[in-house]
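The values are calculated or read from the model by the stated rules, or taken from the named source; none is laboratory data. As the structure is a computational prediction, the values presented were derived from the model and not from experiment. Heads up, the Cβs are rebuilt from the backbone with ideal geometry, glycines too, and the neighbour counts pull from every protein chain shown.
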Amino acid sequence: MATLLFEIGTEELPSWFVQQGSDALADLLVTRLAGASVEHGALRSYATPRRLAIVVEDVAERSLRRQVTRRGPPESAAFDASGAPTRAALGFARSSGVDPTDLVVDDLGKGRYVYATVEVGGEPTVTLLSALLAGVVQDLPAPRKMRWAEVETLFVRPIAWLVALLDDVVVPVEVAGVHAGRATRGHRFLHAGAIELPHADAYEGALRGASVIADRAERRAAVVEAARGVAAGEGLELVSDAELEDEVCDLLETPVAVLGAFGERFLDLPDDVLGTVMIHHQRFFPTRGADGRLAPRFVALSNNRVPDGGVVRRGYEQVLRGRLDDARFFWDADRSESLSRHAWGLSGIAFQKELGSMGDKVARISTSARQLADVLGVSEDEAATLKAALRVFRADLSTKMVHELPELEGTMGRAYALAEGQPSEVAVALEDGVLPRAHGGRLPSTRVGAILSVADRLDTLVGFFAIGRRPSGSADPYGLRRAGVGAVRTVAAQGWRVPFRKLIDAAASGFDGSVDVADDVLSDVEAFAWDRVSALLAEERVPTPVIRAAVHGSRSVIGAARRAHLLRALMTRDGWVDLMTLYKRAANLGRQAPDGASVRSALFRDAAEAPLFEALPDARRGVERLMAGVRKQLVPWDLGKAPNRELGGLDEAVAEVLRLKAPLDAFLDSVHVMVDAEEVRVNRLALLAAVANVLRDLGALEHLEAGEA
């Protein structure tokens with residue numbers, strides 16, 4: 001057994017690719033080693049802005065020896081009339097390394113051919129690795145690759161060096177004109193020159209001595225520790241942000257924390273503005289004082305340690321000061337006009353050529369949001385808040401601040417509304433209305449904000465579907481899948497039990513005829529939205545048959561989500577699979593019952609009919625209790641993120657439902673349903689239909705296969 005080290009040294013990688021590239025390298029290398037039948041042990045991945053590396057332990061010295069079957073010529077061409085092997089058969093045997101007498105004829109569904117069983121493998125691993133590692137570099141997936149110099153190989157950044165060691169032996173690998181060796185490189189500024197590695201096991205320690213923390217998790221922890229340390233030294237608390245920690249970690253190889261300051265005059269800017277400038281634009285950590293308010297200090301992480309740290313600090317401060325001066329100018333200039341005045345500017349912002357400007361879109365939302373409010377039955381106070389918010393909804397899009405810092409859309413709407421004295425409920429709704437900003441992002445916290453958010457996203461879906469701009473395959477240039485996910489997540493989180501089609505119809509009410517919104521368009525939007533629900537439930541690890549049963553058995557998003565988790569829990573109960581088998585038999589017959597047919601006990605002719613009929617009320621009560629129990633336990637949650645607890649306390653209700661199994665089983669075993677007497681036949685079909693209808697309240701159970709959970 002040996003240890004394999006493979007390192008790809010590059011020019012500076014983009015921060016978003018460091019972790020992604022490291023994961024891709026590990027996955028691809030494992031796949032290629034398996035394809036070459038090379039056994040191995042654990043893997044350790046390393047990644048910095050200048051390198052992607054992996055260490056594989058316990059690599060077998062040779063590939064696994066195994067037997068494979070090779071197909072040769074057809075039987076008719078392999079043997080002559082006397083049964084003697086032809087030249088074709090002899091050549092196949094020779095190329096396979098077997099005696100002609102070892103050839104066999106078989107029919108494996110492709111006709112009768114000659115086959116030879118040969119032993120393959122056993123090649124020295126070091127010889128296999130040359131081509132294997134070169135192929136890993138060439139095929140490493142990346143969203144965007146580049147070409148440099150005269151090199152034909154594409155990679156995310158130019159390759160500067162390669163290290164390939166199997167224990168202490170250099171594996172001869174050549175990619176993009178670079179030959180692998182045993183020399184890696186340390187920190188660009190703190191350790192000049194190459195580092196000769198005597199053995200693959202020496203990699204991490206050698207880099208640590210060269211001021212490189214190669215382990216990404218360790219480096220991320222060092223970033224946070226260094227930043228908190230310098231902040232705590234001044235009695236400050238670090239305002240930590242997970243995404244910022246990730247990005248800073250992937251921008252450097254060793255962290256050097258620098259505590260900087262900015263003028264207190266900027267503290268009257270909204271915290272979100274200060275945070276956005278520091279975090280998203282400068283990759284600085286804000287700090288808070290003992291009073292919990294933002295302090296005029298920040299922590300920056302440098303990738304270099306210099307004799308005079310004050311030079312670095314002053315540079316950071318100067319850059320941040322310029323950004324904050326701009327923000328101060330935008331803040332003052334935007335507040336010189338009211339949000340209502342800014343709303344007029346929406347007519348000059350394009351939304352989509354056929355769907356008009358942002359002003360046109362907001363006008364449609366004004367209609368559809370009020371319609372949604374009527375459907376949901378909002379209170380008088382909520383209706384008043386909605387009316388006020390609609391006057392200036394998305395007005396901050398025309399402000400200078402949002403033009404410069406677009407990620408502050410909604411946030412600035414709230415800030416400007418508060419600054420001009422609007423009620424806090426209106427201000428919060430303006431920010432909620434643009435949420436969520438991304439997949440898995442924060443959702444609206446208020447019902448009025450949720451109405452704005454859903455109306456906005458459904459307007460987008462209806463409009464683009466109506467003009468034929470639907471997603472195709474993986475292409476989604478208008479972000480319609482993101483809009484659909486945002487809408488259904490918001491609806492589920494609010495716990496709205498309104499049929500989703502009603503929400504879509506309300507959104508369509510905003511279109512005044514300038515765009516043809518046909519009924520089939522709305523049906524397509526509905527199907528598209530339910531696909532998003534199914535995808536989010538799949539992210540919660542709900543099995544596909546359960547998702548189908550829940551989605552097809554529900555009209556509201558929250559109903560589908562709750563049924564999905566209820567069915568998953570029920571299918572683990574003893575007797576449930578048998579009950580589902582009986583349900584399908586009952587449903588198949590029951591659907592033949594005439595419309596409006598009811599069960600009349602006077603027409604019972606078999607001893608098994610009355611017990612089944614009498615069991616229905618208890619079963620119905622059990623189903624109602626199950627649905628009430630799941631509504632109580634699974635309060636509105638973020639669709640796509642599994643509830644943090646299992647369903648419990650439903651045993652008694654489950655038992656009530658399962659009591660239907662015995663009389664139903666007896667009925668189906670002893671009662672001949674399709675008798676000649678029409679009244680009796682219809683009565684028995686109606687009884688089975690009633691059984692199916694009781695259980696169907698739990699979902700479209702016909703989508704569940706027996707034993708699936």
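Quick notes
- Restricting attention to region 477-515, the residues that are basic (Lys, Arg), under 22 Å from the mean Cα position of the chain (by Cα) and closer than 17 Å to Ile451 by Cβ add up to 1.
- Filter result for Asp516 (more than 27 Å from Met412 (Cβ to Cβ), of a type in the set (Asp, Glu) and buried (at least 19 other Cβ atoms within 10 Å of the Cβ)): no
- Residue count for region 393-406 under the criterion of being in contact (Cβ under 8 Å) with a residue 40 or more places away in the chain, in contact with a Leu (Cβ under 7 Å, 6 or more places away or on another chain), surrounded by fewer than 24 Cβ atoms within 10 Å (Cβ to Cβ) and of a type in the set (A, V, I, L, M, F, W, C): the result is 1.
- Matching residues in region 1-52 - criterion: being in contact with a Lys or Arg (Cβ under 6 Å, 6 or more places away or on another chain) and in a strand (DSSP E or B): Glu7, Gly9, Thr10, Ala47
- Residues of region 293-311 include at least one that is modelled with pLDDT under 95, out of contact with any strand residue (DSSP E or B) (no Cβ under 7 Å at 6 or more places or on another chain) and closer than 25 Å to Leu418 by Cα.
- Residue, nearest to the chain's Cα centre (by Cα), within region 407-426, restricted to residues that are free of Cβ contacts under 8 Å to residues at least 40 places away in the same chain and buried (at least 23 other Cβ atoms within 10 Å of the Cβ): Gly410
- Within region 177-205, considering residues that are buried (at least 18 other Cβ atoms within 10 Å of the Cβ) and basic (Lys, Arg), the one farthest from Ala134 (Cα to Cα): Arg185
- Extreme residue, nearest to Leu339 (Cα to Cα), among residues of region 420-453 that are among the β-branched types (Val, Ile, Thr) and not in a helix (DSSP H, G or I): Val434
- Glu245 vs. criteria touching a helix residue (DSSP H, G or I) at 6+ places or on another chain (Cβ under 8 Å), assigned to a loop (DSSP other than H, G, I, E, B), outside the structural domain of His403 (by TED's automatic domain parsing) and within 30 Å of Ile213 (Cβ to Cβ): no
Every residue, every condition in (1) crowded, with 22+ Cβ neighbours inside 10 Å; (2) closer than 26 Å to Leu685 by Cβ; (3) in contact (Cβ under 8 Å) with a residue 24 or more places away in the chain; (4) hydroxyl-bearing (Ser, Thr, Tyr), yes or no:
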residue: Val546; (1), (2), (3), (4): yes, no, yes, no
residue: Gly553; (1), (2), (3), (4): no, yes, yes, no
residue: Ala569; (1), (2), (3), (4): no, no, yes, no
residue: Val577; (1), (2), (3), (4): no, yes, yes, no
residue: Lys584; (1), (2), (3), (4): no, yes, yes, no
residue: Ala587; (1), (2), (3), (4): no, yes, yes, no
residue: Ala593; (1), (2), (3), (4): no, yes, yes, no
residue: Ala610; (1), (2), (3), (4): no, yes, no, no
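- Residue match in region 246-254 (condition: touching a His at 6+ places or on another chain (Cβ under 7 Å) and among the hydroxyl-bearing types (Ser, Thr, Tyr)): yes
- Some residue of region 519-539 being out of contact with any strand residue (DSSP E or B) (no Cβ under 8 Å at 6 or more places or on another chain) and not in a helix (DSSP H, G or I): no
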